[in-house]
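The values are calculated or read from the model by the stated rules, or taken from the named source; none is laboratory data. Given the structure is predicted, the values throughout are model-derived calculations rather than measurements. Here Cβ is always computed from backbone atoms with ideal geometry, including for glycine, and neighbour counts include all displayed protein chains. We work out accessible area using only protein heavy atoms, side chains counted, and drop any ligands, DNA or RNA first. Shrake-Rupley method; radii C 1.70, N 1.55, O 1.52, S 1.80 Å.
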Amino acid sequence: MDFACELNIPLLTTRHAEIVYNTVRIDREPKKNVQRIEKLNNNVLNVRFEAEEAKFIRVAVESYLEKINSILRTIQRFDPNL
Amino acid sequence: MAITAIGFEGSANKIGIGIIRDGEVLSNPRHTYITPPGEGFRPNLTAKHHQSVILDLLEKALKEANIKSLADIDVFCFTKGPGMGAPLIVVATVVRTLAQLYNKPIIGVNHCIGHIEMGRLITGAKNPVVLYVSGGNTQIIAYSEHRYRIFGETIDIAVGNCLDRFARLLKLSNDPSPGYNIEQLAKKGQNYIQLPYTVKGMDVSFSGILSHIKTIIVGNKQARKNQNEIKQHSYTNEDLCFSLQETLFAMLVEITERALAHVGSNQVLIVGGVGCNVRLQEMMGAMCKERQATVCAIDERYCIDNGAMIAQAGYEMYNADKTRKGMTLDETNCSQRYRTDAVYVSWRDD
């Protein structure tokens, strides 16, 4: 694969990081032209995208970050421990 | 012990959240993504709509049900499929997060089975033949040995999809739904236009009828533009709506009757958005009367996609599972295709 993009997303706590990781890893990339590999390091979520063209990565990263955003907003509004 | 279930539905342009406790609907708010006349709803914009509305809708559902916290809910249910990919994932993402925040079991529900179980709950119908008609699905379903078996279905597009795309051609308003506006116009139709009638045994086909009526509409527009008096017709939009409904619904009634005869049932349950249509209910009623059968119809609160139906189906699945664990997170992935007969109906023992 010619293009790659790696994100390191720090979360507030290990618990939050686990919740984000366990939520976002379940659904596979809708298009086969992008590969996505996720790893959890304590409270940092590491995601790596690989594809043949840069525009595929852009689309995948954009929708991925929107998902993360959605999870964080849900946590912010409904976390019983906050 | 009372079980309280919350259901999240967002497979098409409606997002609904419903809370049910032991068969009683405590709340069921819904928000519809309505596009301008002539436009359909696309997955990415529908997903954006759901994402912007879902958390407020959740608060509304809790408030209307008089529930202080999500900790008081026993099981979180959501639509696993079938439906549009992006909207399904938006909803599933929020539900997975909530289930983990509150450490509650999570259940992915089949959308079609949600409709069926809600229909059974509201009407009390024990073992009906189910006509499931919506914008995304058209199936005749009968229960047998722990599966909702598909007796007949559309071989191309759903009947609601045919109606929606026809409404787009006429630039009808999508508020509250294109089907509703077609129904209102159809009541004023005067002339019946002959359209193709495409029943294929137990199955139906709608894309040919859509092409045919599109040719009529576009042909007329061209003729008007070119002021070609000979090629213009005198059909009004009302006539077109009336003729289309009569044709589509007669086809649905025919395959339903065939299923009734095969199965030896005397009850018909109509579910799905198109089930709101009073003309369809009338025509089904006329057929049933001739066979000493009954039609069980439900109102628009439960016909149209809603959260409570997901909660009800999820409740049944959860209640039948003695381990009370729900699904593993890996099993909560969404799938655009999810056949009605793929689910093992563990909660019925008939």
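Given a Förster radius of 45 Å and the C-beta distance between B:Gln336 and B:Glu229 as r, what FRET efficiency does 1/(1 + (r/R0)^6) yield to the nearest 0.05? Before the final figure, lay out the partial values.
On the way: r = 48 Å, r/R0 = 1.06.
Between B:Gln336 and B:Glu229 the formula returns 0.40.
Skip the ligands, DNA and RNA, and give the accessible area per residue of the protein assembly as shown with a 1.4 Å probe, whole Å².
On the way: 19710 Å² over 432 residues.
Spelled out: the 1.4 Å probe surface of the protein assembly as shown, per residue, equals 46 Å².
With a ≥ b ≥ c the root eigenvalues of the C-alpha gyration tensor of the protein assembly as shown, is it rounded (a/c under 1.5), prolate (a/b larger than b/c) or oblate? Walk me through the intermediate numbers first.
Numbers: a/c = 2.17, a/b = 1.41, b/c = 1.53.
Oblate, because a/c is 1.5 or more while a/b does not exceed b/c.
Counting only complete DSSP H runs, which helices of chain B cover 15 Å or more along their long axis at the Cα atoms and score a mean Kyte-Doolittle of -0.5 or above?
Numbers: long enough: B:43-64 (29 Å, -0.34); B:85-101 (24 Å, 1.57); B:111-123 (18 Å, 0.45); B:159-169 (16 Å, 0.23); B:207-225 (27 Å, -0.09); B:237-263 (39 Å, 0.48); B:278-290 (18 Å, -0.10); B:307-320 (20 Å, 0.11).
Going by DSSP H runs, the hits are B:43-64, B:85-101, B:111-123, B:159-169, B:207-225, B:237-263, B:278-290, B:307-320.
Would you please give the FRET efficiency between A:Gln76 and B:Asp350, computed as 1/(1 + (r/R0)^6) with r the Cβ-Cβ distance and R0 = 60 Å, to the nearest 0.05?
On the way: r = 46 Å, r/R0 = 0.77.
With R0 = 60 Å, the Cβ-Cβ based efficiency is 0.85.
Report, in degrees rounded to the nearest 10, the 0 to 90 angle that the Cα long axis of helix A:14-24 makes with the longest principal axis of chain A.
With both axes taken from Cα atoms, the answer is about 40 degrees.
Taking 24 Å as the cut-off for C-alpha to C-alpha distance, list the pairs among B:Lys63/B:Lys325; B:Lys104/B:Lys322; B:Lys171/B:Lys221; B:Lys80/B:Lys322; A:Lys32/B:Lys80; B:Lys63/B:Lys126 that go past it. If you can, show how the numbers build up before the last one.
Numbers: B:Lys63/B:Lys325 27 Å; B:Lys104/B:Lys322 15 Å; B:Lys171/B:Lys221 13 Å; B:Lys80/B:Lys322 22 Å; A:Lys32/B:Lys80 21 Å; B:Lys63/B:Lys126 33 Å.
Listed pairs above 24 Å: B:Lys63/B:Lys325; B:Lys63/B:Lys126.
Provide the net charge surrounding B:Ala2, with neighbours chosen by a C-beta distance below 13 Å and charges set as Lys +1, Arg +1, Asp -1, Glu -1.
Numbers: positive: B:Arg21; negative: B:Asp22, B:Glu24, B:Asp72, B:Asp74.
That works out to -3.
Using only Cα atoms, figure out Rg for segment A:3-78 and give it as a multiple of 2.2 N^0.38 Å. All intermediate terms of the calculation are to be shown ahead of the outcome.
On the way: Rg = 12.4 Å, N = 76, 2.2 N^0.38 = 11.4 Å.
Ratio of Rg to 2.2 N^0.38 Å for segment A:3-78: 1.09.
Using square roots of five times the C-alpha gyration tensor eigenvalues, list the equivalent-ellipsoid semi-axes of chain B in whole Å, biggest first.
Details: eigenvalues 267, 115, 51 Å².
They are 37, 24, 16 Å, listed from largest to smallest.
Averaged over its residues, how many other protein chain Cβ atoms are within 10 Å of peptide A:68-74's Cβ atoms?
5
Taking the alpha-carbon centroid of each part, what is the distance from segment B:99-149 to segment B:41-64 in angstrom?
Taking the Cα centre of each part, segment B:99-149 and segment B:41-64 sit 22 Å apart.
By how many nm would the segment from B:Lys126 to B:Glu145 lengthen if fully extended, with 0.36 nm per residue of separation less the alpha-carbon distance?
Details: separation 19, 0.36 × 19 = 6.84 nm, distance 1.44 nm.
Taking B:Lys126 through B:Glu145 to full extension adds about 5.4 nm, to one decimal.
Per-residue counts of other Cβ atoms within 10 Å, averaged by peptide: what ranking do you get for A:15-26, B:14-25, highest first?
Details: A:15-26: 20.1, B:14-25: 22.2.
Listed from highest to lowest mean packing, they are B:14-25, A:15-26.
Restricting to DSSP loop positions (anything but H, G, I, E, B) with no more than 10 other Cβ atoms inside 10 Å of their own Cβ, which GluC sites (Glu not before Pro) remain in segment B:200-274?
Listed in order of number, the matching sites are B:Glu229.
Based only on the alpha carbon positions, what is the Kirkwood hydrodynamic radius of segment B:244-325, in angstrom?
Working: mean 1/r = 0.0697 Å⁻¹.
Kirkwood hydrodynamic radius for segment B:244-325: 14.3 Å.
Could you give the Stokes-Einstein D for segment B:125-302 in µm² per second, using the C-alpha Kirkwood radius, 4 °C, 1.567 mPa s?
Numbers: Rh = 16.9 Å.
The estimated diffusion coefficient comes to 77 µm²/s.
What total accessible area, in Å², is buried where chains B and A meet, using a 1.4 Å probe and rounding to the nearest 100? All intermediate terms of the calculation are to be shown ahead of the outcome.
On the way: alone 15810 and 5880 Å², together 19710 Å².
Heavy-atom accessible area buried at this interface is about 2000 Å².
What does the net charge come to around B:Ile310 if you take all other residues with beta carbon closer than 12 Å to its beta carbon, with K and R at +1 and D and E at -1?
Here the charged neighbours net out to -1.
Once both axes come from the Cα atoms, what is the angle between helix A:54-78 and the longest principal axis of chain A, in degrees from 0 to 90, rounded to 10?
The answer is roughly 10 degrees.
Listed highest first by mean packing, meaning other Cβ atoms within 10 Å per residue, what order do B:308-317, B:211-220 come in? Write out the running numbers ahead of the final one.
Values: B:308-317: 30.4, B:211-220: 14.7.
Taking the mean over residues of other Cβ atoms within 10 Å, the ranking is B:308-317, B:211-220.
Under 14 Å from a point placed 7 Å out from the Cα of A:Glu29 along the Cα-to-Cβ direction: which residues of segment A:44-62 have their backbone N that close?
Once the point is set 7 Å along Cα→Cβ of A:Glu29, A:47-62 turn out to lie under 14 Å by backbone N, inside segment A:44-62.
Would you mind giving the mean number of other chain beta-carbons within 10 Å of the Cβ of each residue in B:100-107, as a whole number? Working shown, then result.
Numbers: counts 9, 10, 4, 1, 0, 0, 0, 0.
Averaged over the peptide's residues, the number is 3.
Tally up the carbon and sulfur contribution to the accessible surface of segment B:125-302 as a whole percent, 1.4 Å probe, everything protein left in place. Walk me through the intermediate numbers first.
On the way: 3920 of 8280 Å².
The nonpolar share, carbon plus sulfur, comes to 47 percent.
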